[in-house]
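Since every read-out is calculated from the coordinates, none of them should be taken as a lab result. Treat the numbers as computed from the prediction; the structure is a model and nothing was measured. Here the Cβ is made from the backbone with ideal geometry for all residues, glycine too, and neighbour counts use every protein chain on show.
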Amino acid sequence: MIEISAQVDLFHPADRVWHALTDRELLGRWFAETTVAVDEPGRLLFATAGLPGFDDAVGAEVVEQRAAELVTMRCLEAGRRSLLTCTLTATAEGCRLSLRETLQDGEWSPALRAAREQSYQQALANRLPAILDWFAFQQVDLRRGVAGMTTELPVLEWAGAARSRGRRGVVLLAAGVGVLLAGGAAVWALRSEPPEQTGAHPAATPTATVTGSAATSSRPAPSASSARPDRTASASQRPSRTPSGKPSRTPSSGPPQQQSPDPVMTARYSNVNSRLLGYTGEVAVSNPGDVAGAEWTVVVTFDDDSEVGKVNGAEWRQEGRTVTFTGPPLAAGQSQTIRFDVRDSAAFAKGPASCAIDGRPCEGL
């Protein structure tokens, strides 16, 4: 059995993704234009002839469906028959869309199969999230173009859809207001942070020095006998010899930081993909040295109320506009990649404001 699969995690609820799978207008925006066969009303025609991995248009017939959970279609393309299944699974951030196509009759060449799988993955990971972000705007705020997106697939009607549409707008509107309030609270919290107290420790050092010198100078003053000035004078000669000997030997031992320095870690930032309301970022951490490095820290800072939703490759925490990634030591010549998804309220954001590893700027940003 030959099988092709693709998968993506989305920051959208399953019912919205289901709409993008079953609405012909939306389906044509992120995958391929779809029409209903004239001679067979229950059969769909996908205009896939120009897509990588497809030889011809695909004819499809729905054989199983569960609203917002699963849809299975029997497909026919250039003499090949296959079964295509799309499954939706709820996650903490939204849902996971899994696509699986199983070949039942005919064959794919290795090159055709690889191109077809890549075409599915690019559609799920790049074009679909952008359309979902756009559609969320239509539902929640913009209220434009809603009337034009009502031509659903003819065989994908389910009971209760009409009753749920009325509540869906209210829920999404409330969700939009909640996001705006949360963003405002984050901005206010950031403005309320106390300023850094720079220079506090350097000020304490001169104070201790002055105190010590004052204590030293106060001892000869109350001396009354002639014997004490003699001992003080003899003692004063010893410090003159001490600086000439001890300071000269102290540097010879060598400062600790010069004995076995840790290698300088490097990092490079890049955008994996961009969406209407977010993007996926990637930071490649490398150890170019000849010895193993220590644990590393990458700090990414946003210039707005962006929020990280999913991270692979590092431990992380977000505090306001700052996200801190940490990872274990890397061996000499080894690298580690961090990939994270960002939800951004600004349309078509390109990336974070800054990125640094152990206090040094990342490359590529």
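Rounded to whole numbers, the Karplus 3J(HN,Hα) couplings from phi for segment 307-321 are 9, 7, x, 8, 9, 10, x, 6, 7, 8, 8, 10, 10, x, 8 Hz, using 6.51 cos²θ - 1.76 cosθ + 1.60 with θ = phi - 60°, and x at Gly and Pro.
Remark on residue 354: its backbone amide H falls under 5 Å from those of 301, a criterion applied only to residues 5 or more positions apart or on other chains, H modelled at 1.01 Å from N.
Note on residue 56 and residue 91: the extension gain reaches 9.1 nm, defined as 0.36 nm multiplied by sequence separation minus the Cα-Cα distance. Projected onto its three principal axes, the C-alpha set of segment 1-140 covers 43, 34, 26 Å, listed from the longest axis down.
Of interest is the spacing of the C-alpha centroids, which for segment 25-98 and segment 350-365 amounts to 41 Å.
Amide H contacts of residue 334 (H built 1.01 Å from N, in plane; Pro and chain starts excluded): 287 sit under 5 Å, all sequence-distant by 5 or more or on other chains.
Approximating the spin labels as points 7 Å out from Cα along Cα→Cβ, the residue 107-to-residue 273 distance works out to 3.2 nm. In a fully extended conformation the segment linking residue 72 and residue 324 would gain 86.5 nm over its present Cα-Cα distance, using 0.36 nm per residue. Hand me the chymotrypsin sites (Phe, Trp or Tyr not before Pro) from segment 256-365 located in a DSSP loop with no more than 14 other Cβ atoms within 10 Å, in residue order please. Sparse-neighbourhood loop chymotrypsin sites (Phe, Trp or Tyr not before Pro): 348.
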